[in-house]
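Participant: First the structure, which I've put down as structure tokens, then a few questions once you've had a look.
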Amino acid sequence: MESGHIVLLVEDHETTRLTLADVMAREGCKVKGAATASEAMKALREEEFDLVVPDLKLPDGDGLTVLDECRRLSPHTPVVLITGHGSEEVAVQAMKRGAQDYLPKPLDLNRLRAVMEAAFRVRALHLENLSLQQELSRRKAETDLIGSSPAIEKVRQVIRQVAPTNATVLLTGETGVGKEVAAGSIVAQSERSMKPFRKINIAAMPRELVEAELFGYERGAFTGAFKMKKGHFEVADGGTLFLDEIGEMPLEIQVKLLRVLQEQAFERVGGTQTIRTDVRLICSTNRDLEKACKEGLFREDLYYRINVIHIHMPPLRERKEDIPALARHFLLQFRGPGGQVKELTPRAMSALTAYDWPGNIRQLRNVIERACLLCPGPEIDVAYIDEKVVRAAGQALARSVMEDGAPGGPVIPVGRTLEEVEREYILATLRELGGNKTRAAKQLGIGLKTLYRKLEKYGEIPGAV
Ligand SMILES: Nc1ncnc2c1ncn2[C@@H]1O[C@H](COP(=O)(O)OP(=O)(O)OP(=O)(O)O)[C@@H](O)[C@H]1O
Ligand SMILES: [Mg+2]
């Protein structure tokens, strides 16, 4: 039997408890003993067990209460009840309430072993199922392009059209805009969705290994090539290959890549046998490939070959209307261990929408993940949002006020007191003007004295008269 399982044994009769614990320990389990129901409840709240074995009769309650509590706190932990003579009826009831099995007294140790083994098997299945479900929703999230801005709608529409074809797709856009997510979405909607899908980041690979990784090698092709190895193009046969950062592809290998695209054929490194492959290619880059072509860093013929369908992923600052939906998506993703989903205060949300996000969606995701980790309560306010974001957002706010002439422009977020808004505008204006109070007062249309008084009230001028 597999060892390392943690068992909670709840039995008030000490000799029985010790005997059972001994048998379980011999099977490689770690046993925690409890003599009362309340002790058991405490243990259940503190720790997750692989198996819970309560006696039906306990001094301060019964095993069924322990069973119910365990089902509630840890639904994937099997419970096996120990029952006295003639309590078949209770045993049936326990099974109905979700017990895995029961052990009648006097205990038959062989039966105990068999029951334990079965319970651990069930638990392993439950856990496997859980992790598969998580993997599934992770993949779904990966292929779900969040957002409803016209820019992302257009991307989604092109993807829908080209996904079912075998056309090569080139994805461009700044870092973190979701090129990899888009690639996943293309594959998920293609006929190759159940076939191999390999992602290879050319930039993350040592240059001298790129050829061997992509096309494989024969035994003895180079020092260290002790046996033949298939490359990505061979393994992904029938499926899709995502070549991330294609702009980093060494020139000498670009010829070989061009040939695979034209003839669906290649040779392994050090080999002579021609291998045929049917692979759909999706490439991505945040480099300007046209410029690279002009500079002689990228083959023009290859560029035309991979640029059959070009999808440009817009930067987040050009589709700010998607920020709230994306933020909510990440709040859900980073929900707490108990499943609570945190919310952003209107203030925090307006800071997020005012910011320009040079690191795009990845940066937004990181900011929200951090806020979810740091913020203990259910509401995330600006204090938990990356300071850089809040500060830059404040400046953007002040700038748009100036450009729009007067406060009352489109960016005033609802849900704050007038005083809060006033304070933020004044401070933002000051920051924007490099702290020059005379100019700020003029800009704000108030007297210098008034400005000083307000700053003092905000605690911005400590000790000022
Ligand atoms: N539309 C979207 N909806 C939900 N999550 C997204 C979306 N776009 C991107 N993401 C998330 O943002 C992060 C960055 O996305 P991705 O890795 O696809 O960007 P990229 O364009 O490939 O970046 P790089 O150029 O740095 O490789 C990932 O965590 C991804 O899950
Ligand atoms: Mg990427």
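The values are calculated or read from the model by the stated rules, or taken from the named source; none is laboratory data. On a predicted model such as this, the values are computed, not experimentally measured, just so you know. Cβ coordinates were reconstructed from backbone atoms using ideal geometry, including for glycine residues, and neighbour counts include every protein chain displayed.
Participant: Among the residues of segment 2-17, count how many are in a loop (DSSP other than H, G, I, E, B), over 19 Å from residue 56 (Cβ atoms) and out of contact with any Gly (no Cβ under 6 Å at 6 or more places or on another chain).
Facilitator: Total meeting the criteria: 3.
Participant: Scanning for something within 22 Å of residue 307 (Cβ to Cβ), within 16 Å of ligand 1 (Cβ to nearest atom) and either buried (at least 18 other Cβ atoms within 10 Å of the Cβ) or not hydroxyl-bearing (Ser, Thr, Tyr) (or both), does segment 203-210 turn up at least one residue?
Facilitator: yes
Participant: Hey, another quick one. Could you say whether any residue in segment 53-67 is surrounded by 19 or more Cβ atoms within 10 Å (Cβ to Cβ) and among the small types (Gly, Ala, Ser)?
Facilitator: Yes: segment 53-67 contains one or more residues that are surrounded by 19 or more Cβ atoms within 10 Å (Cβ to Cβ) and among the small types (Gly, Ala, Ser).
Let's see how each residue does on (1) free of Cβ contacts under 8 Å to residues at least 40 places away in the same chain; (2) within 16 Å of ligand 2 (Cβ to nearest atom); (3) farther than 30 Å from residue 226 by Cα; (4) part of a strand (DSSP E or B):
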position	(1), (2), (3), (4)
282	no, yes, yes, yes
318	no, no, yes, no
338	yes, no, yes, no
349	no, no, yes, no
362	no, yes, yes, no
371	yes, no, yes, no
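Participant: Moving on to the next point. Please work out if residue 277 is under 25 Å from residue 259 (Cβ atoms), surrounded by 15 or more Cβ atoms within 10 Å (Cβ to Cβ) and more than 16 Å from ligand 2 (Cβ to nearest atom).
Facilitator: yes
Participant: Which condition number in (1) part of a helix (DSSP H, G or I); (2) hydrophobic (A, V, I, L, M, F, W, C); (3) surrounded by fewer than 19 Cβ atoms within 10 Å (Cβ to Cβ) is the one that residue 186 fails?
Facilitator: (3)
Participant: Continuing with this model, one more query. Hand me the list of strands (runs of 3 or more DSSP E) wholly inside segment 18-110 holding 1 or more residues that are without any contact (Cβ under 8 Å) to a residue 40 or more places away in the chain.
Facilitator: Answer list for segment 18-110: 30-34, 80-83, 101-104.
Participant: Right, another one. Out of curiosity, is residue 168 surrounded by 16 or more Cβ atoms within 10 Å (Cβ to Cβ), away from ligand 2 (no atom under 11 Å from the Cβ) and modelled with pLDDT of 95 or more?
Facilitator: Answer is yes for this residue.
Participant: Just the residues that are within 16 Å of ligand 2 (Cβ to nearest atom), among the hydrophobic types (A, V, I, L, M, F, W, C) and in contact (Cβ under 8 Å) with a residue 60 or more places away in the chain, please, taken from segment 238-269.
Facilitator: Within segment 238-269, 242, 246 qualify.
Participant: Might you let me know whether segment 178-190 holds any residue that is hydrophobic (A, V, I, L, M, F, W, C), more than 21 Å from residue 359 (Cα to Cα), away from ligand 1 (no atom under 16 Å from the Cβ) and not assigned by TED's automatic domain parsing to the domain that holds residue 357?
Facilitator: no
Participant: Would you be able to say whether some residue in segment 232-240 is within 16 Å of ligand 1 (Cβ to nearest atom) and modelled with pLDDT of 95 or more?
Facilitator: Scanning segment 232-240, I find at least one residue that is within 16 Å of ligand 1 (Cβ to nearest atom) and modelled with pLDDT of 95 or more, so the answer is yes.
Participant: Considering only residues of segment 147-171 that are among the small types (Gly, Ala, Ser) and in a loop (DSSP other than H, G, I, E, B), which is farthest from ligand 1 (Cβ to nearest atom)?
Facilitator: Within segment 147-171, the match that is farthest from ligand 1 (Cβ to nearest atom) is 167.
Participant: If you don't mind, there's one more thing I want to ask. With the checklist (1) at pLDDT 90 or above; (2) away from ligand 2 (no atom under 16 Å from the Cβ); (3) aliphatic (A, V, I, L, M) in hand, flag the one item residue 155 doesn't pass.
Facilitator: (2)
Participant: From the list 180, 191, 174, exactly one residue is of a type outside the set (A, V, I, L, M), within 16 Å of ligand 2 (Cβ to nearest atom) and not in a helix (DSSP H, G or I). Which is it?
Facilitator: Testing whether each residue is of a type outside the set (A, V, I, L, M), within 16 Å of ligand 2 (Cβ to nearest atom) and not in a helix (DSSP H, G or I) leaves just 174.
Residue-wise test of (1) among the polar types (S, T, N, Q); (2) surrounded by 15 or more Cβ atoms within 10 Å (Cβ to Cβ); (3) farther than 22 Å from residue 358 by Cα.
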position: 298; (1), (2), (3): no, yes, yes
position: 310; (1), (2), (3): no, no, yes
position: 316; (1), (2), (3): no, yes, no
position: 320; (1), (2), (3): no, yes, no
position: 326; (1), (2), (3): no, yes, no
position: 331; (1), (2), (3): no, yes, no
